[in-house]
Amino acid sequence: MIDAVEKSIPKVGVVSLGCPKALVDSERIITRLRAEGYQIAPDYSGADLVLVNTCGFLDSAREESLDAIGEAIAENGKVIVTGCLGAEPDVIRERHPKVLAITGPQQYESVMSAVHTALPPSPDPFLDLVPEGGVKLTPRHYAYVKISEGCNNRCSFCIIPKLRGDLVSRPAAHVMAEAEKLVGAGVNELLVISQDTSAYGLDINYATSRWKESDYRAKFYDLCQDLGSLGVWVRLHYVYPYPHVDEVLPLMAQGKILPYLDIPFQHASPLVLKAMRRPANQEKQAARIAKWRQECPDLAIRSTFIVGFPGETEEDFSLLLDFMREGQIDRVACFKYENVVHAASRDLEGHVPEELKEERWHRFMQVAQEVSQQRLATKVGKEVDVIIDEVDDEGPIGRTIWDAPEVDGAVELHGFKRAKPGDIVRARIIESGDYDLVGRAL
Ligand code: SF4
């Protein structure tokens, strides 16, 4: 009997590619699928249908997405495509004419209706059970909270505004309700994400919305303050360097939100920044970082940079290395410039040869490693809170307040017998390496 019921439950396999924003989209789709009685299949063979959530940001990501679609068709046959690359259906159809349906990013309704057509939902109401807080693809103790979609900036190398449109902010009450639900479901760390976190609310005139008899304003500072009142770690990602970002530093210094800023600077040379169509006053930027560190000495800065941008000279590149050293940027991701289809920067002059990009990338990463090493060495001897991510045979592995999951460093912990994922423990840092730390139970 149970076997018969199991067989009648429609099962969807989900392949989720791309950034944390795409991951949040996948979580929402899975939550909807589960709410409608679908089961999520762990592999191609057990699925009646496969949904591929694609990324279309860089050419390499587009290729990866197209390959994943091909694999799903070969292994399963019934495939629906959604996500960023879904905004370009012709590109997908040309390579994979057999896909059943294609929808773009955040088109939840269209994805669901494509699934309904290809695989009608089970009518059994007892299957419509969704865990409190929705279905998370991240471990139970941390969760991404997406506060807006799209972006009003027009950086010349980026096609996100073309793919995802202009900024659309969620009402603050919705964000707070979701955050509170996640905390209630056991989440200890909220990771705030969007394409442009510090622009939050601009499109809706920083509107106030009501939830649980309180008013919440859709503004960057207010949101940080409100999320900071939930009693869990709050980490800010994708913060564009607008002047008003300075306002949240006191909240970090007071421990209301984590002293962590993921702020993509992309470059430091005024000429390159201008060609990128980004704020170009590098001197001011370095002075600003110094002021932030004065105000909040514990601050960790994570940033993203592009090397080999069209027109980048050796002098521009040296400015970037100087900025890294002077700004003591704790954590970085560095990309070699890619000539992304539809990006305005394709038309710029002075494209940098691939070998030179490669060479600069290695030089940049060498400096990044030195800076990381120096920054981490200053943590030795300090008492810190560590959130446990996993426990293996050697003991627990966690992260400090200065490290985001997936992208930053880890702390190997000694002397903890009973710690489990999600616990926040107190440790003393006893050793530092290039990117990671070692701590001991106090
Ligand atoms: S701010 Fe970010 S998402 Fe917006 S255009 Fe620039 S790089 Fe793209």
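So here's what we get for this one:
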item	result
Separation between Cα centres of the range 289-358 and the range 216-233, rounded to whole Å	30 Å
J(HN,Hα) series, the range 226-232, from Karplus relation 6.51 cos²θ - 1.76 cosθ + 1.60, nearest Hz, glycine and proline x	5, 5, x, 7, 7, x, 10
Surface per residue (accessible, 1.4 Å probe) for the chain, Å²	44 Å²
Structure-based [θ]222 nm, the chain - -39500 (n - 2.57) summed over DSSP H runs of at least 4, per residue, nearest 500	-10500 deg cm²/dmol
Cα-based convex hull volume of the range 318-440 per residue, rounded to whole Å³	142 Å³
Under-5 Å amide H pairs with Gln39, H placed in peptide plane, nonlocal only	Lys11, Val12
Highest to lowest packing among 251-258, 298-305, scored as the average C-beta count within 10 Å	298-305, 251-258
Those GluC sites (Glu not before Pro) in the range 375-440 that DSSP places in a loop and that have at most 13 other beta carbons within 10 Å	Glu394, Glu406
In the range 389-442, the trypsin sites (Lys or Arg not before Pro) that fall in loop regions by DSSP, at most 10 other Cβ within 10 Å	Lys417, Arg418
Alpha carbon Rg of the range 35-117, scaled by the compact-globule rule 2.2 N^0.38 Å	1.03
The range 343-412 - Rg and Dmax from Cα coordinates, angstrom	18.5, 54
Over the range 362-428, relative contact order from alpha-carbon pairs under 8 Å, at least 6 apart, %	35 percent
Stokes-Einstein diffusion coefficient of the range 265-341, Kirkwood radius over Cα pairs, 20 °C, 1.002 mPa s, in µm²/s	166 µm²/s
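The values are calculated or read from the model by the stated rules, or taken from the named source; none is laboratory data. Keep in mind the model is a prediction, meaning the values are calculated, not measured. Backbone-built Cβ (ideal geometry, glycine too); neighbour counts: all protein chains shown. Just the protein is used for accessible areas: all its heavy atoms, side chains included, with ligands, DNA and RNA removed. Shrake-Rupley method; radii C 1.70, N 1.55, O 1.52, S 1.80 Å.
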